[in-house]
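Colleague: Mind having a look at this structure? Questions to follow.
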Amino acid sequence: MMSDYKVEMTNDGMHEFLVDFHGPKESPYQGGVWRIRVELPDGYPYHSPSIGFVNKMYHPNVDEMSGSICLDVINQTWSPMYDLVNVFEVFLPQLLLYPNPLDPLNGEAAALLMRDEPAYEQKVKEYCLKYAKPEDIGASPEEKSSDEELSENECDSSDEQMLGKPDP
């Protein structure tokens with residue numbers, strides 16, 4: 001299911017692993033590679049995975065220190081119709097492309113985005129160069145993978161406002 005991504009198992013079981021995730025093209029995150037920690041609960045796919053960034057990410061909806069993600073579709077409105085491919089090919093790219101500064105986990109990033117978008121994009125690029133270099137993760141730019149930890153933080157915003165309804 002995740003054959004297009006570099007996946008590294010972290011424990012003996014199949015419930016915890018790291019995935020290398022590449023920033024979306026034509027965005028300030030382009031060229032960056034993040035490790036995403038994925039933990040699948042016993043009730044998966046009926047219960048949402050826990051997902052979070054391992055290396056630092058500058059984004060209003062990502063906690064800079066813990067890597068926790070504020071994304072309603074993962075934290076609150078998860079459906080068994082979704083799978084990890086949705087997370088890495090739709091949900092995370094859309095989170096990065098369309099940040100929601102009105103419901104932040106990183107207040108500084110949210111304030112900068114609302115006040116001075118070019119300065120925000122420059123800071124994102126600086127973080128990419130400092131914390132998300134492919135060679136630091138051991139992945140070439142052509143590889144797709146991520147290694148971050150998902151969290152189940154409660155967020156008040158609706159991801160559907162940011163992401164739209166999933167395709168049938």
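Read the figures in this text as sums done on the coordinates, not as results from a lab. Just so it is clear, the model here is predicted, and its values are computed rather than measured. All Cβ positions, even for glycine, are placed from backbone atoms using ideal geometry, and neighbour counts span all protein chains on display.
Colleague: Sorted by average packing, counted as other Cβ atoms within 10 angstrom per residue and highest first, what order do 28-35, 128-135, 79-86 take? Intermediate results must be reported in sequence, preceding the final value.
Modeller: Details: 28-35: 23.1, 128-135: 16.0, 79-86: 14.1.
By packing density, highest mean first, the sequence is 28-35, 128-135, 79-86.
Colleague: Quick check: pseudo-label points 7 Å beyond the Cα along Cα→Cβ at Asp116 and Asp4, how many nm apart are they?
Modeller: 3.7
Colleague: Something else now. Taking the Cα centre of the range 79-126 as origin, sum charge times position over the Cβ atoms of Lys and Arg (+1) and Asp and Glu (-1), and report the length of that vector in debye to the nearest 20.
Modeller: 60
Colleague: What full-extension length gain, to one decimal in nm, is calculated for Lys56 and Glu126 as 0.36 nm per residue of separation minus the Cα-Cα distance? Walk me through the numbers before you get to the answer.
Modeller: Working: separation 70, 0.36 × 70 = 25.20 nm, distance 1.12 nm.
Net length gain for the segment: 24.1 nm.
Colleague: For the range 7-132, give the magnitude of the charge dipole about the Cα centre (Cβ charges: +1 Lys/Arg, -1 Asp/Glu; no others), in debye to the nearest 20.
Modeller: Rounded to the nearest 20 debye, it is 340 debye.
Colleague: Would you calculate the separation in nanometres between label points at Asp136 and Tyr98, each defined as 7 Å from the Cα along the Cα-to-beta-carbon direction?
Modeller: Result for the modelled spin labels: 2.9 nm.
Colleague: Just going by the charge dipole of the range 1-108, with Lys and Arg at +1 and Asp and Glu at -1 on Cβ, which of Pro104, Gly43, Gly32 is farthest out on the positive end?
Modeller: Going by the Cα projections, it comes out as Gly32.
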